[in-house]
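What follows is a set of notes on a single structure, which appears directly below.
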Amino acid sequence: MLFKFPKSSDCPESDVTPESLYMSRRSMLGTAVSVMAASSLPRWAGADEVARYPDVEPGKAPAWFREKLPATRWGAVNVKDESITPFKDATHYNNFYEFGTDKGDPAANAGALKTEPWSVVVDGEVGKPGRYALEDFMKPYQLEERIYRLRCVEAWSMVIPWIGFPLSALLKQVEPTSKARYIRFETLLDPQSMPGQRSGFALIDWPYIEGLRLDEAMHPLAILAVGMYGRELPNQNGAPLRLVVPWKYGFKSVKSIVRISLVSEQPKTTWQSIAADEYGFYANVNPTVDHPRWTQARERRLPSGLFKPNVRATQMFNGYADEVAGLYAGMDLRVNY
Ligand SMILES: Nc1nc2c(c(=O)[nH]1)N[C@H]1C(S)=C(S)[C@@H](COP(=O)(O)O)O[C@H]1N2
Ligand SMILES: [Mo]
């Protein structure tokens, strides 16, 4: 994001499934799964779930994910009157610098990431620290589908149907101590499988680090995601476990998490370390505070093309102001950008 403002020609145009059509397909699926499964609807390779999104490539979900998926609360949070971004765009226009800095690099290179087995460390100011195999880490949680806007600081956006669980549910499990004031997330460090970590992209001091204030982390909209579009996360989207904080710029939503630490001091985050004057700790989506090099008042909603730019006004807190504005009462969002 430091180097180039994306050109509109970077994103191919493709057709968007109208929300109404998507919703009617879904209600059909909900009531008549067994009947439909026998007919012509596409099916996952090796899984029992009927595909909820027609253009999705099936993946190879681990057993724990396949077991949990049928009990998912579909559409637990939705976005009214905005189309879901086609799967193809959400999985081929990515920022995941561990795999390269071009938008197509993560899709091209993330196949090398080994997500099974995977373990997650929870440490710092918690009553119950531990190192968990991902399938054990996931045991307590019911999956929910959360359809959220994703607004990148580079002024493009998407609408993505995530599958995950509230970060607050994890925090309840691990029992933060009275000293815990922030939460810090760390991405996998593995130069073997992550070419961006071994190439000359020396600006980033790997691993990628992000963080939230504890009250932000407790907000019901903040989730840890393990899937999207009715399937497990594709590697380029941060498999097998990532953060999604929909009211903040996308760079806060750290991918492929291996460590979650409760800490007393505000963590030093990756983009802050690179350019603190451009990327702040809070990074709340805010159309009234411009990036030093471009306006944040507008965004390109993908898919967007030269002849169909699909530009829209950026909303305060990315459209989640009613829910989250209270977290920042009394704060100057120009200073705390
Ligand atoms: N580890 C890691 N996490 C990351 C990034 C990254 O480069 N490395 N990029 C961030 C940025 S800038 C954005 S916009 C989102 C993009 O998520 P998506 O590719 O799933 O849409 O991931 C965020 N999480
Ligand atoms: Mo981003």
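We did not get these values from a lab; they are worked out from the coordinates using the rules stated. The structure presented is a predicted model; accordingly, all values stated were derived computationally and were not measured. All Cβ positions, even for glycine, are placed from backbone atoms using ideal geometry, and neighbour counts span all protein chains on display.
In order along region 109-125, the phi-based Karplus estimate (6.51 cos²θ - 1.76 cosθ + 1.60, θ = phi - 60°) of 3J(HN,Hα) comes to 10, 6, x, 6, 6, 9, 9, 9, x, 9, 10, 10, 9, 10, 8, x, 7 Hz; Gly and Pro are listed as x. Dipole size of region 73-168 about its Cα centre, with +1 on Lys/Arg Cβ and -1 on Asp/Glu Cβ: approximately 220 debye, rounded to the nearest 20.
Excluding Arg334 itself, calculate the net charge of residues whose Cβ lies under 13 Å from the Cβ of Arg334, where each Lys or Arg counts +1 and each Asp or Glu counts -1. Combined, the nearby Lys, Arg, Asp and Glu give -3. For region 58-101, just say rounded, prolate or oblate: build the C-alpha gyration tensor, square-root its eigenvalues into a ≥ b ≥ c, call rounded for a/c under 1.5, and beyond that prolate if a/b exceeds b/c, oblate if not. Judged from the Cα gyration tensor, region 58-101 comes out oblate (a/c at least 1.5, b/c at or above a/b). Compared with the direct C-alpha span, the chain from Leu327 to Ala275 gains 16.2 nm at full extension, assuming 0.36 nm per residue.
Provide the packing ranking of 243-249, 80-86, i.e. peptides ordered by the mean count of other C-beta atoms within 10 Å per residue, highest first.
With the highest mean Cβ count within 10 Å placed first, the list reads 243-249, 80-86.
For region 294-308, 3J(HN,Hα) computed residue by residue from phi via the Karplus equation (6.51, -1.76, 1.60; θ = phi - 60°) reads 6, 6, 10, 6, 10, 8, 9, 7, 6, x, 9, x, 4, 9, 9 Hz, glycine and proline entered as x. Cross-linked pairs Lys80/Lys114; Lys60/Lys179; Lys60/Lys139; Lys80/Lys179; Lys114/Lys139: Cα-Cα separations exceed 30 Å for Lys80/Lys114; Lys60/Lys179; Lys80/Lys179.
Its relative contact order, with pairs defined as Cα atoms under 8 Å and 6+ residues apart, puts region 62-327 at 21 percent. Rounded to the nearest Hz, the phi-derived 3J(HN,Hα) couplings of region 164-180 under the Karplus curve 6.51 cos²θ - 1.76 cosθ + 1.60 (θ = phi - 60°) are x, 8, x, 4, 4, 5, 5, 4, 4, 4, 8, 6, x, 7, 5, 7, 6, where x marks glycine and proline.
In straight-distance terms, cross-link reach from Lys252 covers every one of the lysines whose alpha-carbon lies under 20 Å from its own, apart from those fewer than eight places away in the same chain; here that gives Lys4, Lys103, Lys268.
Applying 1/(1 + (r/R0)^6) with R0 = 51 Å to the Cβ-Cβ distance of Thr288 and Tyr132 gives a FRET efficiency near 0.80.
Scanning residues 5 or more positions from Trp74 or on other chains, those with amide H under 5 Å from its amide H are Glu145, with H placed 1.01 Å from N in the peptide plane. Under 5 Å between amide hydrogens, built in the peptide plane, is the criterion, and for Lys248 it picks out Val285 among residues at least 5 positions away or on other chains.
With the convex hull of the Cα atoms taken as the outline of region 62-327, the averaged projected area works out to 13.7 nm².
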